[in-house]
1. So, by mean Cβ neighbours within 10 angstrom, what's the order for 144-157, 200-213 with the highest one leading?
2. Could you let me know the centre-to-centre spacing of the range 148-163 and the range 170-221, using Cα atoms, in angstrom?
3. Using a 1.4 Å probe and counting only protein heavy atoms, arrange Cys169, Cys217 so the residue with the most accessible area comes first.
4. Using the basic label-point model (7 angstrom from Cα toward the beta carbon), what is the Ala195 to Ile144 distance in nanometres?
5. Run the quick spin-label model on Glu256 and Val70: label points 7 Å from Cα toward the beta carbon, then report their separation in nm to one decimal.
6. How much length is gained on full extension from Thr203 to Thr243, taking 0.36 nm per residue of separation minus their Cα-Cα distance?
7. Largest first, what is the accessible-area ranking of Ser173, Ser102, Ser73, Ser183 with a 1.4 Å probe?
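The values are calculated or read from the model by the stated rules, or taken from the named source; none is laboratory data. Computed from a predicted model, the values in this text were never measured in an experiment. Virtual Cβ from ideal backbone geometry, glycine too; neighbours counted across all protein chains shown. Only protein heavy atoms, including side chains, enter the accessible area calculation; ligands, DNA and RNA are left aside. Shrake-Rupley method; radii C 1.70, N 1.55, O 1.52, S 1.80 Å.
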Amino acid sequence: MSEGVRRATADRVCPAAAQRGLRATGAVLAAALLLASRPAGDRAPSAPAGRTTAGRQATAHRVEQLRVKVLESLAHDPQAFTEGLEMPGATLYESTGLSGASSVRAGPPGRPPTARVALPAPLFGEGITVLGRTLWQLTWRNRIAIERDVTTLAELRRVPYPGDGWGMCFQQSAHRLVTSDGSARLTFRDPRTLAKTGEVTVTEEGRPVTELNELECAGAAVYANVLPTDRIVRIDPATGAVTASIDASGLLRGDEAVPGSTLNGIAAVPGTDQFLITGKFWPRMFRVVLVPA
């Protein structure tokens, strides 16, 4: 990995440290990633269920604890700095980041892509979502979003995009895009113009959940990777409340992890209760179901 790639990796995985001029490499970068992990903090105790109205509400809003159960291990490009993952049908779409190494690709899961387009530097690829015959791809700090042909991935147009681009998914029931920017906020956007139509703050038992990254809209819920952890949260987009905390730790062997190999990428498998999940620089992708922890 070149020095330029290492610096871009540190900046993207640990943006707060990057603003202080962090230039981590090797073991230093690994330590920075560990320090960047933010504990969820002590949980506020709930009132005993069934005694008061407040107690019944606490029970109704309790966060479900889930974990991933692996059904299948698939090959994944270990050079892919995964930023977006989506599977609207039989084709898996993936967006990768890093300036000079960003791309968008499509093909069968676990196999080499059948279509791939590189983003010219300095563009830094981010979240993606498919809307019929087109695909949206965000960029991190380049202030643009790119609309593409869903079959060829050819660029159709660019539109201004305010702020940082992180994750994106399409909530079909509400006919809106849901986007993240690394904060605790989900922003709703018009699927044609990307104009902001609303927002909600994501909270877990009353506390904001920051570092929301790659997103997946599945049914009425939004799933979000929490950077740079092995945790995925399930969110009610109507209220912003986290309804489930999903443990996805322990998927890679110790010898498979490299500096920057953070969990990122979740795609619902159509017609099933399964998901594909992977991460930045991961050599494998996993088909999983969610089960009680």
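1. Working: 144-157: 15.9, 200-213: 18.4.
Those peptides, ordered most packed to least, come out 200-213, 144-157.
2. 20 Å
3. Values: Cys169 0, Cys217 25 Å².
Most to least solvent-accessible, the answer reads Cys217, Cys169.
4. Going from the Ala195 label point to the Ile144 one covers 2.2 nm.
5. 0.5 nm
6. Values: separation 40, 0.36 × 40 = 14.40 nm, distance 0.95 nm.
Extending this stretch completely gives an extra 13.4 nm.
7. On the way: Ser173 105, Ser102 5, Ser73 60, Ser183 35 Å².
So the residues, ranked largest to smallest area, are Ser173, Ser73, Ser183, Ser102.
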